[in-house]
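Everything on this sheet refers to the single structure shown next.
The values are calculated or read from the model by the stated rules, or taken from the named source; none is laboratory data. Keep in mind it's a predicted model, so treat the numbers as computed, not measured. Glycine also receives a Cβ, built like all others from the backbone with ideal geometry; neighbour counts cover every protein chain displayed.
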Amino acid sequence: MTALIIFLILALLLVTGMPVSIALGLTVFTFLFSFTSIPMDSIALKLFTGIEKFEIMAIPFFILAGNFLTHGGVAKRMIRFATSMVGHWYGGMGLAAVAACSLFAAISGSSPATVMAVGSILIPAMVKQGYPPQFGTGVIATSGGLGILIPPSIVMVMYAVATSGMVVTGPDGAPVMSASIGTLFMAGVVPGLMLAFMLGGTTIWRAWKNGYPRMQRAAWHERWQAFRESVWGLMLIVIIMGGIYGGIFTPTEAAAVSAVYAFVIAVFVYKDIKLSEVPRVLLSSAAMSAMLLYIITNAVMFAFILTSEQIPQQMSAWIVEQGFGVIGFLLMVNIILLLIGMVMEPSAVVLIMAPILYPIAVKLGVDPVHFGVMMIVNMEIGLCTPPVGLNLYVASSISKMGLTAVTISTLPWIITTLVFLGLITYVPQITLWLPHMLGMK
């Protein structure tokens, strides 16, 4: 009954169109004043202790790095490199879009930013080359979702923050540690590359079936020139992943280093951003960071209420008693997350649902890292499904197509991603192989 009251209050507030962050805060305070005797002092303390985690600092730094790279010409150079390598294949520019999205995802951490950076250049170019706008829009809107799966990923940081500090036990009663940001980043590498190849395969098949144009094969000196121009942006991938795995710095420190590096290459190396434009980039990053941190603050309170009322523990006990099993539970989670992902932003979904579902998953023996990557793939699909799919709106604004037309254009790649979700859900080795090999598990 307690759980029903909490979720009913939240649902009613969200239906009114209220922002998620405010709805979470009002849900907590409404429940506190009406149904519990928890002292307000503990809530105030939780507000501060909940967001003073060192890991949270990674979020504004990754946002800042992504904004420097998005406003600069890094995406343009990566697109040129990707096109020189695969442009001569069937659907060459579409395949280049998948490759460029994968590369930009590895330095931005944001799906909408990836769609905007790659799509604003490639969608008009593909139409000019003779591709139908539906093809380019569909492939870029879905491939942009790689931005939250291929590390660094802001949503992965959200999942780590939402589940850190939770005391949960496995099926044998032993305590289970929550997933660290570094482990999640490494766990996202193989699934991210695998999905990129699957999306690329769908792109080639669609282009071959419909006879779309192919580009002329680039000479090796042209490929080398394109690589040289993009190498400064590509080095950021090496710095982040190499630095974390090599133990040189933590994920949060990697985010700070990436922000400084992105500033240097955008302003002094590529010179795409003038010094006078830097305050505008800083202000934009600060606004986005403040929005996400406000959501985190209210989500921390929401998770505190759930934990204090023992709701996740009671739900996990009920699910175990019903005999759902791991297969049934994961299927149910996927359905729930896909539905919620259609109407809510990924960060908010993860911050709300992870504290509820995570203890149940661990109780049934699901690895925390595997469960986190599975949640993120669900959120990736949510970014490409109406009515609130952010990638759809960004792609629509670039291509000047209606939301319905954009949605229909993404269907072949959405189906591919759903197949991939099934693989990730029931073959955890795909996610856990690299962390195990690196000794992180």
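Here is how the numbers come out for the structure above:
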{"quantity": "Unique match (being under 30 Å from Ala254 (Cα atoms), at pLDDT 80 or above and under 26 Å from the mean Cα position of the chain (by Cα)) among Ile51, Ile59, Ile22", "calculated": "Ile59"}
{"quantity": "Residues located in the range 132-168, provided they are more than 23 Å from Gly66 (Cα to Cα), at pLDDT below 90 and touching a Phe, Trp or Tyr at 6+ places or on another chain (Cβ under 8 Å)", "calculated": "Thr163, Met166, Val168"}
{"quantity": "One residue from Ala299, Ala303, Ala317 being more than 25 Å from the chain's Cα centre (by Cα) and either assigned to a helix (DSSP H, G or I) or loosely packed, with under 15 Cβ neighbours inside 10 Å (or both)", "calculated": "Ala317"}
{"quantity": "Test: residue in the range 45-59 that is free of Cβ contacts under 8 Å to residues at least 60 places away in the same chain, part of a helix (DSSP H, G or I) and farther than 22 Å from Val157 by Cα", "calculated": "yes"}
{"quantity": "Within the range 113-128, tally of residues that are in contact with a helix residue (DSSP H, G or I) (Cβ under 7 Å, 6 or more places away or on another chain), surrounded by fewer than 24 Cβ atoms within 10 Å (Cβ to Cβ) and either aromatic (Phe, Trp, Tyr) or over 17 Å from Ala262 (Cβ atoms) (or both)", "calculated": "4"}
{"quantity": "Per-region count, the range 256-266, residues of a type in the set (A, V, I, L, M), closer than 19 Å to Val231 by Cα and in contact (Cβ under 8 Å) with a residue 24 or more places away in the chain", "calculated": "4"}
{"quantity": "The range 328-358 - residue that is surrounded by 23 or more Cβ atoms within 10 Å (Cβ to Cβ) and not aliphatic (A, V, I, L, M) and, of those, modelled with the lowest pLDDT", "calculated": "Ser347"}
{"quantity": "From Ile6, Ile38, residue being farther than 18 Å from Gly233 by Cβ, in contact (Cβ under 8 Å) with a residue 24 or more places away in the chain and not in a helix (DSSP H, G or I)", "calculated": "Ile38"}
{"quantity": "Selection count where residues are under 18 Å from Val362 (Cβ atoms) and not in a helix (DSSP H, G or I), scope the range 324-345", "calculated": "1"}
{"quantity": "Only listed residue being under 16 Å from Gly73 (Cα atoms), surrounded by 15 or more Cβ atoms within 10 Å (Cβ to Cβ), touching a Gly at 6+ places or on another chain (Cβ under 9 Å) and at pLDDT 85 or above, chosen from Ala187, Ala254, Ala266", "calculated": "Ala266"}
{"quantity": "Test: residue in the range 85-102 that is in a helix (DSSP H, G or I) and aromatic (Phe, Trp, Tyr)", "calculated": "no"}
{"quantity": "Selection from the range 133-178 of residues that are part of a loop (DSSP other than H, G, I, E, B), without any contact (Cβ under 8 Å) to a residue 12 or more places away in the chain and not aliphatic (A, V, I, L, M)", "calculated": "Asp172, Gly173"}
{"quantity": "The listed residue being under 30 Å from Gly173 (Cα atoms), more than 22 Å from the chain's Cα centre (by Cα) and at pLDDT below 90, out of Ile311, Ile248", "calculated": "Ile311"}
{"quantity": "Residue satisfying condition, being surrounded by 24 or more Cβ atoms within 10 Å (Cβ to Cβ), of a type in the set (Gly, Ala, Ser) and under 20 Å from Ile376 (Cβ atoms), within set Ser164, Ser143", "calculated": "Ser143"}
{"quantity": "Number of positions in the range 204-222 that are surrounded by fewer than 16 Cβ atoms within 10 Å (Cβ to Cβ) and in a helix (DSSP H, G or I)", "calculated": "7"}
{"quantity": "The range 383-441, residues that are at pLDDT below 85 and either in a helix (DSSP H, G or I) or of a type in the set (Phe, Trp, Tyr) (or both)", "calculated": "Leu390, Leu403"}
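Every residue, every condition in (1) in contact (Cβ under 8 Å) with a residue 24 or more places away in the chain; (2) over 12 Å from the mean Cα position of the chain (by Cα), yes or no:
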{"site": "Val377", "(1), (2)": "yes, no"}
{"site": "Thr385", "(1), (2)": "yes, yes"}
{"site": "Gly389", "(1), (2)": "yes, yes"}
{"site": "Leu403", "(1), (2)": "no, yes"}
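Here is a yes/no grid of residues against (1) among the polar types (S, T, N, Q); (2) under 17 Å from Thr202 (Cα atoms); (3) crowded, with 24+ Cβ neighbours inside 10 Å:
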{"residue": "Met85", "(1), (2), (3)": "no, no, no"}
{"residue": "Leu95", "(1), (2), (3)": "no, yes, yes"}
{"residue": "Gly130", "(1), (2), (3)": "no, no, no"}
{"residue": "Pro151", "(1), (2), (3)": "no, no, yes"}
{"residue": "Met158", "(1), (2), (3)": "no, no, yes"}
